[in-house]
Amino acid sequence: MNEEFQNEVEAINSIYGDQSLVNSNEDGIYILHLPQHAASLRLQFPKDYPAAPPVILGTQSSGESGRKGEASHIVEIFRDVLAAIYRPGEVCLFDVIEEVNTILPSTTEEDDADDDVSATIQGYGGAIEVSLPKDQELNYVESPPWTLSEVVTELKSVFVARCAPVTSPDQAKLYVQHLLESDKKVRSATHNITAWRIRGENGITYQDCDDDGEAAAGGRVLHLMQLMELRDIMVVVTRWYGGHQLGPKRFSIINAVARDAFVRGDFVKEDPTAKKKGKR
């Protein structure tokens, strides 16, 4: 197992839970227990992965609650997404899993019986509670159009950012709510740092951020957005703490994954924070 693949295995297990991706004791073959689904898949990783793509061998188990034909359908979707996402030399499993989860409805989450859906966001101005009637929440069953950054693992802490276009503060809050309500791994993360900047009337810019317990992190991400002159966009940086203090380095990683999400989402053509190279 090379270092890139080892880091990816650690990241997948940190994000989705221990034993999400485990060695089958067969050379190069791993079992992926899909989050939000009962099925598990058999994946074969070549020795030179990520230079060469993984191969989906088939289903390891359809799960006790799996419906007839469902596992085969998941394998088909997984193969199609892998073919579309994989780029030689780049680890891809996290992006594939997230895309599969977006396409396929969850088979492990029970419907919430409450009449109202609410989420509390600890922000600059204290707690903001967003509460919606159930039928209004159902209008947002489909995931917001998140663009995800590369997953970064540092001393077993895992960082990933996701950004999306927004047109109002209420929409930004609703997107955060949707993310927390729909993704239990994100909901259980150590920190979900958020920031948004939205263009208003008469040149006014509405902006806010949320440290979520990582002191000053939200303000730093918001400052990055200001430097990059980004508007009508929001970002959520998720961190799962790995048990080791990172010191100030954690802030550079938080900003790095946020910037990566902005660039991957094509929200900025040129990063104003990057140093321009002089002419030769």
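Only the coordinates and a few stated rules stand behind these numbers; no lab work does. Quick caveat, the model's predicted, so the values are computed rather than measured. FYI the Cβ positions are ideal-geometry reconstructions off the backbone, even for glycines, and counts take in every protein chain you see.
Ordered by residue, what ³J(HN,Hα) values in Hz, to whole numbers, does the stretch 35-49 give under the Karplus form 6.51 cos²θ - 1.76 cosθ + 1.60, where θ = phi - 60° and Gly and Pro are x?
So the Karplus estimates, Gly and Pro as x, are x, 6, 9, 7, 6, 10, 10, 9, 10, 10, 9, x, 4, 9, 4 Hz.
Return the loop-located GluC sites (Glu not before Pro) in the stretch 180-253 (DSSP other than H, G, I, E, B) with at most 14 other Cβ atoms within 10 Å of their own Cβ; answer none if there are none.
Passing both the DSSP loop test and the Cβ count: Glu229.
Rank these for me by crowding, Asp260, Asp170, Asp232, going from fewest to most other beta carbons within 10 Å.
Asp170, Asp232, Asp260
Going by a ≥ b ≥ c, the root eigenvalues of the Cα gyration tensor, does the stretch 148-228 fall in the rounded group (a/c under 1.5), the prolate group (a/b larger than b/c) or the oblate group?
It comes out prolate by the Cα gyration axes.
Search the structure for amide H atoms under 5 Å from the amide H of Leu57, placed 1.01 Å from N in the peptide plane, and list their residues when 5 or more places away or on another chain.
Distant-sequence amide H within range of Leu57: Arg42, Leu43, Gln44.
Kindly write out, for the stretch 204-221 in residue order, the coupling ³J(HN,Hα) from the Karplus curve 6.51 cos²θ - 1.76 cosθ + 1.60 (θ = phi - 60°), rounded to whole Hz, with x marking Gly and Pro.
7, 10, 8, 8, 7, 8, 9, 6, 6, x, 9, 3, 6, 5, x, x, 5, 5
So for Thr190, Thr153, Thr205, fewest C-beta neighbours within 10 Å to most, what's the order?
So the residues, fewest neighbours to most, are Thr205, Thr190, Thr153.
Assuming a ≥ b ≥ c are the square roots of the Cα gyration tensor eigenvalues, decide whether the stretch 1-64 counts as rounded (a/c under 1.5), prolate (otherwise, with a/b larger than b/c) or oblate.
Here the stretch 1-64 falls in the oblate category.
Just in the stretch 179-255: which chymotrypsin sites (Phe, Trp or Tyr not before Pro) are loop by DSSP and have at most 16 other Cβ atoms within 10 Å?
Here no loop site has a sparse enough neighbourhood.
I need the calculated FRET efficiency for the pair Ser24 and Lys249, taking r as the beta carbon distance and R₀ as 41 Å, to the nearest 0.05.
0.70
If we count other beta carbons within 10 Å of each Cβ, what is the order of Arg239, Arg250, fewest first?
So the ranking, lowest neighbour count to highest, is Arg250, Arg239.
Full extension from His223 to Arg199: what is 0.36 nm times the residue separation minus their Cα-Cα distance, to one decimal in nm? Could you put the intermediate results ahead of the total?
Working: separation 24, 0.36 × 24 = 8.64 nm, distance 1.58 nm.
Stretched fully, the His223-Arg199 segment lengthens by 7.1 nm.
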